[in-house]
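Worksheet: the structure to be examined is printed underneath.
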Amino acid sequence: MTTPHLQELDGQTVLMVDDQPFIGLAAECHNSSASSTAYMNTKVWPRVSPLNINTLLVPVYWELVEPAPGKFDFSSVEDLILGARAHQVKLVLLWFGLWKNGLSSYVPGWLKANPTVQYAQQQAGQHLYSISPADQRAVSQDARAFAQLMAFIKKADAEQSTVIMVQVENEVGLLESDFDYSVAKDQALSQTLPRALSQKPGTTWQQQFGAQAGEAYMAFLYAAAVQQIAAAGKAQYALPMYVNAWLEKPLGRPGNYPTGGPTVRMLPIWQKVAPAIDLVAPDLYVPNFKEVSDAYAAPQQALLVPETRQDLRTVSNLIYAISHYNLLLFSPFGAEDFFSQAAALDEHVLKAVAIDADAFDWHQTGPELARANALLAGLLPLLVSKRQTAQMHPFMISQAADRGRQIKLADCEAQVHFLKQEGNVSPSAGFVLELADNEFLLFGVNLYVDLVADDPRRKVGLLSLEEGTWERDGWHAGRMLNGDERYRIQIGAMPQLLKIKTHLY
C-alpha cells in the first residue's frame, strides 16, 4: 500500500487511503480529551461507533511528547493509534505545537518559562500569551519536535496507514492585536517583498498591500514558520498536511480573529509561502456555510472541513458538501458529546472564541448525523465518481423564503419542495443522482418531490419506489414503498435514501 496522499483523479483532488479514494466522515474530539488514555477509553471511543464515523480527529500535544528538551515520549500517540485500530477508524492528528487558537498554551513548560523566548506584543508593549512567529529559535524547536513525531508515526504506522493526515498547528495567528509589535512594524513594512509575493521587483510591503500591509506581513511570518515546521515533518513522513482557519467575520478587525491566519484574504500568501501545506481548511461554525466553502474550495479544487457545528444544521451541511464539492473530510466538533446525556456549554469559552451558542446545540444531532453517516458510507465510491458531473444535482435551503429547486431529468422535472422549517429540525438539503434515464437516487432531509412530465399531455408514474442502502456492489433494497407513500415522495427529519424508477403514461 502507498502512503496516504492527495491525487488528481478525473479532474478532481481526492485523498487516497489504502490506494482507494477516501472521504472522511469524521468527528473531532474535544481539545483536552487525548491527553488521557483513560478518558479516551471511557468517554470518547465508546461514542465513536454509534456515530458511524470512519475518521477521528485528535490532538497531539507538544508538552506531552517532549516533557524535557530532547526527551520524547510518544506513548500517548501510540495509544491513539492502537485505539483507532481497535475501533476501525482512521486518524487525523492535530499538532498542538507553538500555536492553538492564536495562543501558545500547549508549548512545553521548559520553553514557556525560558527568558529568551520572544512573546508577541501589543502596540503599547503588553506581552501576549503567544510566542512570536519571528522567534526563529522557538520555530526551529517546534520543527524538530514535529519531525520526531512524524518519524514515530512512520515507524509505528506506515504499514497500516491508521494516521491519514496531519493538521500543523491550530488556528494560527495573533489575537488581541493587529500586529506583533515585538517586531518593529515600520521597519518591517518598508522591507522589500520576497520574490514569490512581489508584483514587481523592489516593491515594499506597504506599497503592495497598503492598509492591509500589517496583516499581510503577519500572514507571511506565520506561513513561513508553519512551512518550516511542516517541511521538517514531511522530510520524515510525507503524509498530507493542512492548516485550519479561524474565519474573519464581516466588519471584523485583525486581532478580533487571529491576525495573519489563513483567512480568505490571506490565502494567496499562505499558498505561496507554505508549499509544504497541502490545503487550507476553514473551521465552519458560521451560518453562511456555502459562501465560505465556495471561497476555500474554488482556489484549491477541494474542500476540507476539520471543525464544524454540532447542531442539526451540520447534517444538512454534510449532505450538501459531500455532493457538491470535492470534499475530502467533514468533521463536527465534540465527538464525545453527541450521545452524552449531559454536557454543559461553557459560555465564557464561546464568547472568547466568538462562536454562537446555537452552533453547539448537539442534543438532537447524534441520531440524524449517525444515520447520514451510515447511508453515505456505502455511497462514497459512487459520490467520488459522480459529484460535479451532470448526473449529480445537490441542493440546500438558502434562506427561510427558499421553497425548493427544479431539477431537469431525462423526460421529466423533479420539483423538490423544502418542508417548512418548524421547530428544531435539520434545514432541507439533499441530492438527486441520476443512475440512468428514468432512474435516480434521492437522498436528503426535510423535503418532498413532485415529478412532472415534460410533455403536458402525459404524467409520470412510478415503476418502483424503494428505500435502502448503496454498497460497493450496488443497490440493496429495503422496503418497497408501494402504498400511501406514492401519493407524495417525502423524506422527513431523519436522513433517508430512496431509489426511484419512473415511466410516462
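Could you tell me what percent of the DSSP beta bridges with both partners in the chain are antiparallel, to the nearest 5?
On the way: 59 of 90 bridges.
Approximately 65 percent, going by the DSSP bridge assignments.
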Over 24 Å between alpha carbons, listed pairs Lys290/Lys386; Lys249/Lys386; Lys90/Lys499: Lys249/Lys386; Lys90/Lys499
The chain: radius of gyration and largest Cα-Cα distance (Dmax), Å: 24.2, 84
Vicinal HN-Hα couplings computed from phi for region 11-23 (Karplus, 6.51 cos²θ - 1.76 cosθ + 1.60; Hz; Gly/Pro x): x, 10, 7, 10, 8, 9, 10, 6, 6, 10, x, 9, 10
Ascending count of other beta-carbon atoms within 10 Å, so fewest first, for His324, His127: His127, His324
In region 372-406, trypsin sites (Lys or Arg not before Pro) in a DSSP loop with at most 15 other beta-carbon atoms within 10 Å: Arg403
Leading residue at positive end of dipole, region 24-386 (Cβ point charges), from Thr55, Ala238, Ile131: Ala238
Between region 137-194 and region 234-262, the Cα center-to-center distance that results, in Å: 11 Å
Vicinal HN-Hα couplings computed from phi for region 389-402 (Karplus, 6.51 cos²θ - 1.76 cosθ + 1.60; Hz; Gly/Pro x): 10, 5, 7, 9, 10, x, 7, 7, 4, 9, 7, 4, 7, 6
Note, ³J(HN,Hα) from phi for region 471-486, Karplus 6.51, -1.76, 1.60, rounded to Hz, x at Gly and Pro: 10, 4, 8, x, 6, 10, 6, x, 6, 8, 8, 10, x, 5, 4, 6
Length-normalised contact order for the chain - Cα pairs under 8 Å, 6+ apart - percent: 13 percent
Exposed-loop-free span, longest in the chain, where GluC sites (Glu not before Pro) count as exposed if DSSP calls them loop and at most 11 other C-beta atoms lie within 10 Å: 160-421
Test item: Cα-centred dipole of the chain, Lys/Arg +1 and Asp/Glu -1 on Cβ, debye: 520 debye
Amide H partners (placed H, <5 Å) of Glu66, local residues excluded: Asp73
13 Å beta-carbon shell around Asp142, net charge (K/R +1, D/E -1): 0
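Under 1.5 on a/c is rounded, so check that first for region 43-119, then, if it is not, pick prolate when a/b is larger than b/c and oblate when it is not; a ≥ b ≥ c are the square roots of the alpha carbon gyration tensor eigenvalues.
Values: a/c = 3.81, a/b = 2.16, b/c = 1.77.
Verdict is prolate for region 43-119.
Residues with beta-carbon under 14 Å from that of Gln207, excluding Gln207: net charge, scoring Lys, Arg +1 and Asp, Glu -1? Please report the intermediate quantities before stating the final value.
Details: positive: Lys200; negative: Asp186.
Surrounding charge for Gln207 is 0.
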For Ala335, distant residues with modelled amide H under 5 Å away: Glu28, Cys29, His30
Gly478 long-range amide H proximity, modeled H, under 5 Å: Glu467, Gly468, Thr469
Equivalent ellipsoid semi-axes, region 256-313, via Cα gyration tensor eigenvalues times 5, rooted, Å: 21, 13, 10
Of Lys100/Lys420; Lys154/Lys185; Lys154/Lys272, those spanning more than 30 Å from alpha-carbon to alpha-carbon: Lys100/Lys420; Lys154/Lys185
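Rounded, prolate or oblate: pick one for region 392-504, where a ≥ b ≥ c are the square roots of the eigenvalues of its C-alpha gyration tensor, a/c under 1.5 means rounded, and failing that, prolate if a/b is larger than b/c, else oblate. The partial results should precede the final answer.
On the way: a/c = 1.62, a/b = 1.19, b/c = 1.36.
It is oblate, given that a/c is not under 1.5 and a/b is not larger than b/c.
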Distance from region 362-418 to region 10-74 (C-alpha centre basis), Å: 28 Å
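Using C-alpha positions alone, give me the convex hull volume of region 156-251 per residue in cubic angstrom. Show your work: numbers first, answer last.
On the way: hull volume 13.8 nm³, N = 96.
Residue-normalised Cα hull volume stands at 144 Å³.
No lab work stands behind these numbers, since they all come straight from the coordinates. Only a predicted model underlies this, so the values are computations on that prediction, with no experimental measurement involved. Don't worry about glycine lacking a Cβ; one is built from the backbone with ideal geometry, like all the others, and counts go over all protein chains shown.
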